[in-house]
Amino acid sequence: MDVPNQFRRLPADLPVPVDDGAADHLPGLELPPVVLPSTHGGLVDLTALAVEAPTLVLYVYPRTGRPDEVLPEGWDETPGARGCTVQNISFRDHRAQLNVLGAEVVGLSAQSTEDQAEFAAREHMPYPLLSDPQLRLAAALRLPTFEIGGMTLYKRLTLIVRGGVIERVFYPIFPPDRDAANVVAWLGAVS
């Protein structure tokens, strides 16, 4: 299915999210033993994944659009909602650089595994996207969320995890298409 350009472009007047302090408590916390379904099949234990990878980049996003669905009302006007497709594409395109820096990449949203699999196939995502519709990671870490269209979704953030411990948090993220480049720059500076 051909993807409308609306998913790959950010509006010029996209509202900028403000730092509400909702992620300030995260550095130094251990990634909890939350087990989630993956687009690569089966289940992924976040704790095991974080311990196995020298560095884990876990980027969290609200939800990607589907070509066969209308975006929720107010999506473009909600700070931090728009841009999930470009954020994912950015991490996909920076994956080789991240791997050179010793980092494994995983994406996560509150979308169903079916929605995540459709997106992963459409955009050729080479690493797992995890589905957390019950917001289990949000409950375990007190991650920030927002309400729209009758859904509770994650606010966009990126966690850098080493040895199972959250070392760095990028939040809020704006613009979303620069998230992966910012992570590459930070990892390059501290490596």
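The values are calculated or read from the model by the stated rules, or taken from the named source; none is laboratory data. For clarity, every value in this text was computed on a predicted model and none was experimentally measured. Backbone-built Cβ (ideal geometry, glycine too); neighbour counts: all protein chains shown.
Do we have any residue at all in segment 157-166 that's in a helix (DSSP H, G or I), farther than 17 Å from T85 by Cβ and of a type in the set (K, R)? Even if it seems obvious, please write down each step before you answer.
So in segment 157-166, the residues in a helix (DSSP H, G or I) come out as none.
Checking segment 157-166: not a single residue is in a helix (DSSP H, G or I), farther than 17 Å from T85 by Cβ and of a type in the set (K, R).
List every residue pair whose Cβ atoms lie under 7 Å apart, where the two residues are 6 or more positions apart in sequence or sit on different chains, the first residue falls within segment 22-41 and is at positive phi and at pLDDT below 95, and the second residue, located anywhere, is crowded, with 16+ Cβ neighbours inside 10 Å and among the small types (G, A, S).
none
Being of a type in the set (V, I, T), closer than 16 Å to S109 by Cβ and under 13 Å from the mean Cα position of the chain (by Cα) is the filter here; which residues of segment 134-191 pass it?
Quick first cut of segment 134-191, residues of a type in the set (V, I, T) only: 145, 148, 152, 158, 160-161, 165-166, 169, 173, 183-184, 190.
Among the residues that remain, those that are also closer than 16 Å to S109 by Cβ are: 145, 148, 152, 158, 173.
Result: T145, T158, I173.
Being in contact with a Pro (Cβ under 9 Å, 6 or more places away or on another chain) and crowded, with 20+ Cβ neighbours inside 10 Å is the filter here; which residues of segment 145-158 pass it?
Answer for segment 145-158, where residues must be in contact with a Pro (Cβ under 9 Å, 6 or more places away or on another chain) and crowded, with 20+ Cβ neighbours inside 10 Å: L153, Y154, K155, R156, L157.
Given the options S131, S90, name the one that is buried (at least 16 other Cβ atoms within 10 Å of the Cβ), within 27 Å of A185 (Cβ to Cβ) and in contact (Cβ under 8 Å) with a residue 40 or more places away in the chain.
Working: S131 fails: within 27 Å of A185 (Cβ to Cβ).
Just a single option satisfies the conditions, and that option is S90.
Could you list, in sequence order, the residues of segment 138-148 that are out of contact with any Phe, Trp or Tyr (no Cβ under 8 Å at 6 or more places or on another chain) and either modelled with pLDDT under 95 or within 19 Å of P37 (Cα to Cα) (or both)?
Those that are out of contact with any Phe, Trp or Tyr (no Cβ under 8 Å at 6 or more places or on another chain) and either modelled with pLDDT under 95 or within 19 Å of P37 (Cα to Cα) (or both): A139, A140, L141.
Only one residue in D2, D19 is among the acidic types (D, E), over 18 Å from L108 (Cα atoms), assigned to a loop (DSSP other than H, G, I, E, B) and modelled with pLDDT of 95 or more, so which one is that?
On the way: D2 fails: modelled with pLDDT of 95 or more.
Criteria check complete, one pass: D19.
Looking only at residues that are among the polar types (S, T, N, Q) and more than 15 Å from L187 (Cβ to Cβ) in segment 93-128, which one is surrounded by the fewest Cβ atoms within 10 Å (Cβ to Cβ)? Lay out the reasoning, then the answer.
Here is the first cut: in segment 93-128, the ones among the polar types (S, T, N, Q) are 97, 99, 109, 111-113, 116.
From what is left, the residues that are more than 15 Å from L187 (Cβ to Cβ) are 109, 111-113, 116.
Working: S109: 24, Q111: 25, S112: 14, T113: 18, Q116: 26.
Among residues in segment 93-128 that are among the polar types (S, T, N, Q) and more than 15 Å from L187 (Cβ to Cβ), the one surrounded by the fewest Cβ atoms within 10 Å (Cβ to Cβ) is S112.
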